[in-house]
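The values are calculated or read from the model by the stated rules, or taken from the named source; none is laboratory data. Keep in mind the model is a prediction, meaning the values are calculated, not measured. No Cβ is skipped: glycine too gets one built from the backbone with ideal geometry, and neighbour counts run over all protein chains shown. Surface accessibility is based on the protein's heavy atoms, side chains included, excluding ligands, DNA and RNA. Shrake-Rupley method; radii C 1.70, N 1.55, O 1.52, S 1.80 Å.
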Amino acid sequence: MPMFQDPSSFAPNASPAGLYIHIPFCLRKCPYCDFYSITDLSLQPSFLNALTSEMNMTREPDKVFDTLYIGGGTPSLLDIKIIDNIIKTAHQCFTILSNAEITLEINPGTVTLEQLKGYRQAGVNRINIGVQSFNSSNLDFLQRIHSSKEAQMALIWAQKAGYENIGLDLIYGIPGQTTSSWLKDLQSAVQFYPQHLSCYMLSFEPGTPIHKNLQNSVLNPLSEDRICELFEITLSFLTVNGYVQYETSNFAHEVSDESGTKSPQSNLSRHNMKYWNFSPYIGLGPSAHSFIEPQRFWNHSNVEKYIQKLSSGRLPRAGKEWLSREQLMIEAVYLGLRQTKGIEVDAFDKKFGISFKAMHAETITDLEEKGLVNSSRNRCALTPKGMLYLDSIAAMLI
Ligand code: SF4
């Protein structure tokens, strides 16, 4: 078993970092996906050697990590022994706290109960399942490899394997999707009581096959009104079912503590929160990004290049940038507004030496009158309706 570090041995105000590992393999490429992954699985052994080298060369001895997220791609294509080795190597190279959240992304159709049990033995304590839909025609449109039955089995097995922190991803806004079919997806999801739900709106990213189909009028996207309706249904349905929205697409189930106070806190995705709160994170694997304020750097989005660089003893960095004060401010506005807690105005003003409220007084009043923003002394947050216009509102507050 890996040696774990006692969190009490670190300075109390050190901000723990997140570690992300990108597994760039999928059985088939989904036509809406713009994450980097390839379907040539023969490169797996050399990728794994390269990943071990990258971990050894990166190390970051002055940081402690309280999250490890193995994402992709389809990490559940890797067998138990490999996941076990990756986690062990991560523990050898980085200081990962004993209470770290260790997430593995899995895709239905690529896992068994035995595999899930083995991943848990290896140290995984959070599973995120790429269900996307329980509806066969939606799964066909998305060209997922799994059936609705396989999605349900993945959830049942994850619970049977003993995971107490399960996240489930769904997609809405699929052409042809009706209100009732989306409600059925939500109902199917909550029947399994996942601790976390991500409901992503289908986006047509440039360069993807569905974007091309959209340009060539091969498909009929849902109208903006219909998408807004689906978003509003999501909010009301999940709220009634005990889920709290904490970010545009993310919901955590509330739990009661010993005093009976309800809070979603323990079910938030600790790792994803790092991306939204300027916490440091290190990304390993092809295409992975890292952020150590004010610097961002990223790896080549190409497995061969990634392997080649590491086998010649170099880090596989494709680029880096130093974010200027203005760029950091823009990110702080955008990332703050994505979260239901909004922009923490005092902290924002202190960090950038300005008065956010004074700078945007008129715009904020106008947005409040339109029911798009809620503003209090120390917060500026989007209302549920405002969340639908995140990009345009963020642009007004920059
Ligand atoms: S399984 Fe996930 S990562 Fe792989 S192609 Fe589909 S959406 Fe992208």
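Please report the base-10 log of the normalised intensity I(q)/I(0) for the chain, using a Debye sum with one equal scatterer per alpha carbon and no solvent, at each q in 0.06, 0.08, 0.11 (1/Å). Per q value, in the given order, log10 I(q)/I(0) is -0.24, -0.44, -0.89.
Using a cutoff of 8 angstrom between alpha carbon atoms and counting only pairs six or more residues apart, the relative contact order for the chain works out to 15 percent.
Charged neighbours of Arg377, selected by a Cβ distance under 15 Å, balance to 0 (K, R count +1; D, E count -1). Beta bridges from DSSP with both residues in the chain: antiparallel share about 45 percent, rounded to the nearest 5.
In region 119-177, Cα pairs under 8 Å separated by at least six residues give a relative contact order of 52 percent. Of the peptides 204-213, 100-109, the order by per-residue mean of other Cβ atoms within 10 Å, starting with the highest, comes out as 100-109, 204-213. When both region 153-193 and region 73-95 are represented by their alpha-carbon centers, they are found 26 Å apart.
Counting only protein heavy atoms and a 1.4 Å probe, the chain has 46 square angstrom of accessible area per residue. The distance from the alpha carbon centre of region 203-262 to that of region 25-64 is 28 Å, rounded to a whole number. Reducing region 293-317 and region 325-398 to their Cα centroids gives an inter-centroid distance of 35 Å.
Beyond 28 Å between alpha-carbons counts as too far, so tell me which of Lys320/Lys370; Lys160/Lys341; Lys81/Lys262; Lys88/Lys160 fall in that bin. Write out the running numbers ahead of the final one.
Numbers: Lys320/Lys370 40 Å; Lys160/Lys341 34 Å; Lys81/Lys262 39 Å; Lys88/Lys160 24 Å.
Listed pairs above 28 Å: Lys320/Lys370; Lys160/Lys341; Lys81/Lys262.
Only helical runs count toward this figure. For the chain, summing -39,500 (n - 2.57) over DSSP H runs of n ≥ 4 and dividing by all residues gives -11500 deg cm²/dmol at 222 nm.
Using the average count of surrounding beta-carbon atoms within 10 Å as a protection proxy, the listed peptides 234-242, 182-190 rank, highest first, as 182-190, 234-242.
Highest mean first, what order results for 156-169, 343-356, 129-142 on Cβ atoms within 10 Å?
In descending order of packing, they fall as 129-142, 156-169, 343-356.
May I ask you to give the percent of accessible area on the chain that is carbon plus sulfur, with a probe radius of 1.4 Å? Heavy-atom surface of the chain belonging to carbon and sulfur, 1.4 Å probe: 51 percent.
Here's the picture: charge each Lys and Arg Cβ at +1 and each Asp and Glu Cβ at -1 in the chain, and of Leu97, Leu315, Gly353 the one pushed furthest to the positive end of that dipole is Leu315.
Using the Karplus relation 6.51 cos²θ - 1.76 cosθ + 1.60 with θ = phi - 60°, the per-residue 3J(HN,Hα) values for region 260-269 come to x, 6, 8, 7, x, 3, 6, 9, 5, 7 Hz, with x marking Gly and Pro. Each Cα pair under 8 Å and six or more residues apart adds its separation to the average, and for region 245-398 the resulting relative contact order is 16 percent.
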